[in-house]
1. Is it the case that ARG68 is in a loop (DSSP other than H, G, I, E, B), at negative phi and surrounded by 15 or more Cβ atoms within 10 Å (Cβ to Cβ)?
2. Limited to region 44-65, what total is found for residues that are in a helix (DSSP H, G or I) and among the basic types (Lys, Arg)?
3. Could you tell me which of the residues PRO22, PRO69 is more than 27 Å from ALA221 (Cβ to Cβ) and more than 18 Å from the chain's Cα centre (by Cα)?
4. Can you tell me which residue in region 34-61 is surrounded by the most Cβ atoms within 10 Å (Cβ to Cβ), limited to those that are of a type in the set (A, V, I, L, M, F, W, C) and modelled with pLDDT under 95?
5. Counting only residues that are assigned to a loop (DSSP other than H, G, I, E, B) and either among the aromatic types (Phe, Trp, Tyr) or more than 22 Å from ALA140 (Cβ to Cβ) (or both), how many does region 76-106 have?
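The values are calculated or read from the model by the stated rules, or taken from the named source; none is laboratory data. Predicted model only: the values in this text are computed from it and were never measured. We place every Cβ from the backbone using ideal geometry, glycine too, and count neighbours over all the protein chains shown.
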Amino acid sequence: MGGGPAGCRIYLITPERLDPVPFADLLAAALDAGRATAHGADSAVAAVQLRLKNIDDDAWRRAIDVLRPVTQSRGVAFLLNDRADLAKATGCDGAHVGQEDMAAREARRVLGPDLTLGVTCKASRDLAMQAGEDGADYVAFGAFFPSGSKLVTNQADPEILHWWSELMELPCCAIGGITPENCAPLVQAGADFLAVIGCVWGHPDGPAAGVRALNQAIAVAQGSH
């Protein structure tokens, strides 16, 4: 799940509720659009985070069994929201934990040394530094804009991305209401990844068009279009 000098890439988060079998086709279309529009060998989409709410372990496993092969077969990392235990047990590439989820240090212990761990750090430099010490492979800052998926109580400033990317080798991810229209300041501030939900899955022309539009906006912001 590379970021850094190769430029900013898309970090695709699933809707909280989905039917895995029909959703697999939408996911494949989004990832294939990322491959078609990428500059270089890597897909424009670096990772997919399966983010499901209020379901039991059997439903988690059914979704993982359907969606993990779609993602990994395209060379894209497949991560679970919060569930480090299931990520380890089901062949996923890692997990992402928030401040109210499993502690980062515990998630790293469960995942082992080789799987990817991401940690939500909101708008806090202290939380980000702590996440790095706890074994995170990337830190996520946000929300940067009003979001349709959760209430924004403490909006982040793009300056935190600039500060982090100047200071640290660890990649950073921006999250929260990101669209093709507003992403440029985040890309230019040094975000390695843009985490998105609505602008892809809610795109009027479908998720493939959503990925293409966001990737084009990233390229323009980087001056490489």
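1. no
2. The qualifying residues number 2.
3. After applying the criteria, what remains is PRO22.
4. ALA44
5. Restricting attention to region 76-106, the residues satisfying the condition of being assigned to a loop (DSSP other than H, G, I, E, B) are 76, 82-83, 90-93, 98-103.
From what's left, either among the aromatic types (Phe, Trp, Tyr) or more than 22 Å from ALA140 (Cβ to Cβ) (or both): 90-91.
Residues that pass the stated criteria total 2.
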